[in-house]
1. Order by neighbour count: Met61, Met81, fewest other Cβ atoms within 10 Å first, most last.
2. Just how far, in whole angstrom, is the stretch 195-265 from the stretch 72-90 if you go by their alpha carbon centroids?
3. Using 0.36 nm per residue of separation minus the Cα-Cα distance, give me the extension gain between Ser27 and Asn259 in nm, one decimal.
4. For Phe203, which sequence-distant residues (separation of 5 or more, or a different chain) have an amide H within less than 5 Å of its own amide H, given hydrogens modelled in the peptide plane?
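Values quoted throughout were computed directly from the atomic coordinates according to the rules given, and no laboratory measurement underlies them. Remember, predicted model here, so these are calculated numbers, not experimental data. As a convention, Cβ positions derive from the backbone with ideal geometry for all residues, glycine included, and neighbour counts pool all protein chains shown.
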Amino acid sequence: MTQRSLELTAETGITFDAAVISEEALSWARQYNYELVTGLTDTTRKLVQQSVSTFVETPGMTRGDLEKLLAPAFGENRASMIGVTEVTRAYSEATNQHQRLIRDEVGLEMRRRWDTLRDELTCAVCGPLNGMPEENWVAEFPNGPPAHVNCRCSTSLTMDDADALRAEAIASQTAREKLLREQQGVEMPEQPPLRGFEGQARFGDIGRASGRAVHEGDVVFNRQHWQDASPELRRYFVSHEIGHQTVEPYVLKNNDEWNLAEEVLTLQKLKHPQLGEQRFFVGGNFAIGEGVADAFAMSIQESWPEIIDVAKAREITEWAQGATRRAGFSWELLGKDIKRIVKELDTQI
């Protein structure tokens, strides 16, 4: 325990110790129904619950040991994804519970801080969050990590001021980047900021298609289909084509991302109450580009066919948000771009 943790324990009577968080993570892991892990039967759900609980309560047990418990039921790849993601979720939820306990029992408002492992596997989504106060990420990740499948991050509680945490986090990230440059003896380019959609949107002759992503990076729409479409369907048209121009190219060029998409998504024909019959991923198909665009569109619009339950929608949204950022795009900026393009095209009708 740190000196400040000892002082707070003496002042409040509540223990601020990692061991307590582990106990609460174990309690949470035993009670959670793992609704965000899709495709579970009663048997496999019990296996995940028991395996994650065993990992949390067993000193010295490694993630590899956990994956071995899960692999017979899920295969090595999915066992790894489930093990990493669900252990991260258990510890994050335990921190959340401890934060609420402190607030409710003694009226002390503590702040969550995002912590990464700061190694070479830290991704572009989580890296910028390291050390940041919850004010910086709570809107997007209200429960904290995992930010995506295979996320290894955690949160910790602090009494530090939010501005002070931000300044410290930025300084730490800058120092780490400088050290990496010195160690590698090369000039490392600054990480470019996440961007929005950089193409143009217009009406054009695209045959019977409702929309099309063209090679120049633009998106083109069928004027007649647009006139006949509902406002929700128009938003879907734009979201789908922007998904083709932003996330899809990254997935198609990145083997790891392709494999991850196939774990999360599968292409089927589904009936959507507003959109009609649409392609949508709910598990593996060679036409992965269409599924990626559909997953992006329905996630960013928060519009789902009835066959997609809440847990599956959350899993797909989590993947879509992570893939968007790993592709170098901002979820928030793309959302604004979609609204802007719909409005601009509406004025041309």
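1. If I rank by nearby Cβ atoms, fewest first, I get Met61, Met81.
2. Their Cα centres are 32 Å away from one another.
3. This chain segment gains 80.3 nm when fully extended.
4. Sorted by chain and number, the residues that satisfy this are Phe221.
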